[in-house]
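Written out below as structure tokens is the structure these notes cover.
The values are calculated or read from the model by the stated rules, or taken from the named source; none is laboratory data. Everything numeric here is computed off the predicted structure, so don't read it as measured data. All Cβ positions, glycine included, derive from the backbone under ideal geometry; neighbour counts span all protein chains shown. Remember, those area values only see protein heavy atoms, side chains included, never the ligands or the DNA or RNA. Shrake-Rupley method; radii C 1.70, N 1.55, O 1.52, S 1.80 Å.
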Amino acid sequence: MCMDILLGLQWGDEGKGKIVDFIAPDYQVVARFQGGPNAGHTLHFDGIKHVLHQIPSGAFRPEIKNLIGNGVVLDLHTLKNEILSLTKLGVDLTRNLFISKKAQLIIPTHRALDAASEKQKGENKIGSTLRGIGPTYADKVARVGLRVGDILLPDFKERYNALKARHLEQLRFYAYEVDLQEQEEQFFEAVEFIKSYPLVDSEYFINNEIRKGSRILAEGAQGSLLDIDFGSYPFVTSSNTTVAGACTGLGVAPHHIGKVLGIFKAYCTRVGSGPFPTELFDETGERLRRIGHEFGATTGRPRRCGWLDLPALKYAVMINHVTNLLMMKADVLNEFEEIMVCTHYELPDGTITDQLPYCLNSTKVTPVYQRFTGWQCELTDLQSFEELPAALADYIRFIEQQVGVPVTLLSYGSNRKDTLMRA
Ligand code: IMP
């Protein structure tokens, strides 16, 4: 049981970067298994804010091996820039960043296709980050994609041109014009740059680490409600963000899974389009956005904000068999006089349920709320859960009772020190 998995249980942006960085000393390997540069994992320490998009969040710890797994879709130009900006901060990744040869490559026309497809959808657009994620996964499944290992092949350029030609055909269908010259130059520069990093047969790499007794942390991106199968389809991302994605995205058998760490905010946010039952359109939602600095780490878009949604949280806990809950951003609620939690949905026919309907998008659900009194005090220098204000302790206990899983970590600020653990 040597691979623990950290997953977002909501619509992404739960604070995975901070937690991976915080718990990383317990692990020898941190591995990303899905998603790509659509992710933005924010880490704060020594007064500096860092956003990682594709590099695993163990990057700041030189003793940790960071693996980009086969399930990831990789933008080499973005990766090169990420590596260079970390180098400027004194972080040398030449020996502790490993890239799967089987990860799929995002090429410039994938981004153009993403933009063209969103434009065509008009009002029904997904709200994609436009990083080429969907088209790259579509090519993977259509068995026409390029993989990182292909850059080492003598005919890589021909393979690239064949895929590009296919994309240009699709772009003509969309009547979408794009000037690719600069992006292609950047792409091929990045291809050369990446060749000096270890490109590995990642399934062997990680299983060897397991055999040696290393502890692995699989770092999820996005959130369970954006999962391609179990999320709010079609307003989802294009990968399995849930627990099984870690097995297929790394080549690790389920037998090796240990703890499943499910991370959620004390309230809810979402970027992009799609259903969000507890969304607040009033001053309270604005207040959550302002206090929580709820703006996308990748795109800077304002995040939609709302109260905690327990039917959705229970669903994510079920799909992932979460063993530990990690509650983030409790401090954002410090000033609130009252806090609401959605415990059930009321369906259009009046039925009250705590299950997610087949299609949240086409079923209008009305949240049924339970009201809590706010703790209305600052949270600083907490040493144990016993020191929590009573109202916050009640809030946590209620969530644990409803969901059936203990909250073993509480984050109440962006710094490493603002984190409380319970055995
Ligand atoms: P895509 O994965 O860029 O195609 O975006 C699909 C949907 O997932 C959009 O609603 C995005 O806003 C959302 N999304 C993608 N990545 C993230 C993330 O890292 N955090 C939060 N939402 C995301």
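Is at least one residue of segment 341-361 under 27 Å from T42 (Cα atoms) and either touching a His at 6+ places or on another chain (Cβ under 6 Å) or at pLDDT 95 or above (or both)? Yes; the residues of segment 341-361 include at least one that is under 27 Å from T42 (Cα atoms) and either touching a His at 6+ places or on another chain (Cβ under 6 Å) or at pLDDT 95 or above (or both).
If you go through segment 117-167 and keep only what is within 12 Å of the ligand (Cβ to nearest atom), open to solvent by 20 Å² or more (accessible area, probe 1.4 Å) and of a type in the set (A, V, I, L, M), you end up with I126, L130, A138.
When we screen S100, S196 for residues that are within 30 Å of A24 (Cβ to Cβ) and open to solvent by 70 Å² or more (accessible area, probe 1.4 Å), the only hit is S196.
Residues in segment 304-353 that are farther than 22 Å from A391 by Cα, of a type outside the set (A, V, I, L, M), open to solvent by 40 Å² or more (accessible area, probe 1.4 Å) and in a strand (DSSP E or B): R304, E346. Show the residue pairs meeting these rules: Cβ distance below 6 Å; 6+ apart or different chains; first residue within segment 102-129 and of a type in the set (K, R); second residue open to solvent by less than 10 Å² (accessible area, probe 1.4 Å). These pairs meet every condition: R111/G132.
Looking at segment 44-54, which of the residues that are surrounded by fewer than 24 Cβ atoms within 10 Å (Cβ to Cβ) and within 15 Å of the ligand (Cβ to nearest atom) is nearest to the chain's Cα centre (by Cα)?
Narrowing segment 44-54 to residues surrounded by fewer than 24 Cβ atoms within 10 Å (Cβ to Cβ): 44-51, 53.
Checking the rest, the ones that are also within 15 Å of the ligand (Cβ to nearest atom) come to 51, 53.
Working: V51: 12, H53: 9 Å.
For segment 44-54, the residue satisfying everything is H53.
Of all the numbered requirements in (1) touching a helix residue (DSSP H, G or I) at 6+ places or on another chain (Cβ under 8 Å); (2) open to solvent by less than 50 Å² (accessible area, probe 1.4 Å); (3) in a helix (DSSP H, G or I), Q183 misses one, and that requirement is (2). Taking the criterion of being aliphatic (A, V, I, L, M) and touching a Ser or Thr at 6+ places or on another chain (Cβ under 8 Å), the residues of segment 381-423 that qualify are A391, V405, L409, L410, L420, M421, A423.
Here the helices (runs of 4 or more DSSP H) wholly within segment 48-153 that include at least 3 residues being within 23 Å of S202 (Cβ to Cβ) are 76-88, 133-141.
A quick yes/no check of all residues on (1) within 29 Å of the chain's Cα centre (by Cα); (2) of a type in the set (D, E); (3) farther than 20 Å from G149 by Cα:
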| site | (1), (2), (3) |
| --- | --- |
| R172 | no, no, yes |
| Q183 | yes, no, yes |
| E192 | yes, yes, no |
| P198 | yes, no, no |
| D201 | yes, yes, no |
| F205 | yes, no, no |
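Evaluate segment 274-291: report whether one residue or more is farther than 24 Å from S411 by Cα and in contact with a Phe, Trp or Tyr (Cβ under 6 Å, 6 or more places away or on another chain). So that I can check it myself, show each step before the final result.
Just the residues of segment 274-291 that are farther than 24 Å from S411 by Cα, to begin with: 274-275, 277, 281-283.
Now drop any that are not in contact with a Phe, Trp or Tyr (Cβ under 6 Å, 6 or more places away or on another chain), which leaves 274.
Checking segment 274-291: at least one residue is farther than 24 Å from S411 by Cα and in contact with a Phe, Trp or Tyr (Cβ under 6 Å, 6 or more places away or on another chain).
Of all the listed residues (N70, N66, N38), the sole one being away from the ligand (no atom under 16 Å from the Cβ) and open to solvent by 10 Å² or more (accessible area, probe 1.4 Å) is N70.
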